[in-house]
Amino acid sequence: MKKNTFLVHLDTLKPAEVKKFGAYLKLKYSNSERLLKAYRYYVKFHKKTKPPPELEVVFQKINLRKHKSDSELKYLSTDVSDLFQRLKEFLIQEKILTTKFEKEFLWLQILDEKDLSHQRKLQFEKIKKEQSKAKYIWKGLNELRLYNQAYFRNNFEKENAKISLIEDGIQSLNDFYISFHLKYASELLNRKNVLTTKAHLSPLLNDIVVLIQKKQVDTSLTSELYFEL
C-alpha cells in the first residue's frame, strides 16, 4: 500500500512541527475521537520508509476488533482524508501567523466585519505606514489589496467615497509593474553575464527606462534599486 496523501504531506514536517500539529488536533477536535485515534496510529509512520498496512489491518489495530461492514472501513478512509484537510488547515494558519502583512490584513478584515470602525481605521493606518517603509517587490500588490479593501469594504455606503484610495491603489499597481519589469531585466542580464546565454528583454522595458530617466513616472526605492541594477 502506498503512503496516503496525509502521510505524504506529514513527512514534510519536522518532529517539532508534528508535535505541534498533534496538539492542534487535540485542542480543536477534542470531540472527534475517531479522528484522533486515526491520527495516533498514522503518526507512527512519520518519515518511515515502510508504508502503513491495508485499511482492514489498520481498523483492527485501532479498534482492537475486525470490521463488521464495509462502511466502517469507509469511515476510516474518510478519517484519513479529514486528517489531510486538518493538516492543510494547520499549515495555512501557521503560514498566516508568520507572515506579518497577511496576519495584519486579515485582522483588518475582521475589524471591518465586526463593524469596529474606529479600530479598523487605526489598523488601516498602521498597515499603510508599515507598507510605506517596505522595500520588497511585492509591496505594490500588498498596498493595492489594502487600498482596494478600504474602498470597497462592506460598510462603504456609510462613508463618503475617498477617491484618493483609488489613486493610491493605481500608483501602487504602477510601481509594482515597473519594479517587476526592472527586476526581471536585472535577473536576465545577470544570467547572460554568468551563463553567457541570450537575454530576451521585453520591448516595454525600453519605454519604462526612458520614462524613469526623464523623471516622468514616480518610482519607489525598490524600483530605483532595480533600475540601478
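Taken together, the values in this text are just the output of simple stated rules run on the coordinates, not laboratory data. Note that this is a predicted model, so its numbers are computed, not measured. Cβ sites come from the backbone with ideal geometry, for glycine too, and all protein chains shown count toward neighbours.
The label-point distance for Thr5 and Lys129, in a model that sets each label 7 Å from Cα toward Cβ, rounds to 4.4 nm.
Kindly give the semi-axes, whole Å and largest first, of the ellipsoid equivalent to segment 5-98, taking each as the square root of 5 times a Cα gyration tensor eigenvalue.
24, 15, 11
Calculated on C-alpha atoms, the gyration radius of segment 76-139 divided by its Kirkwood radius gives an Rg/Rh of 1.18.
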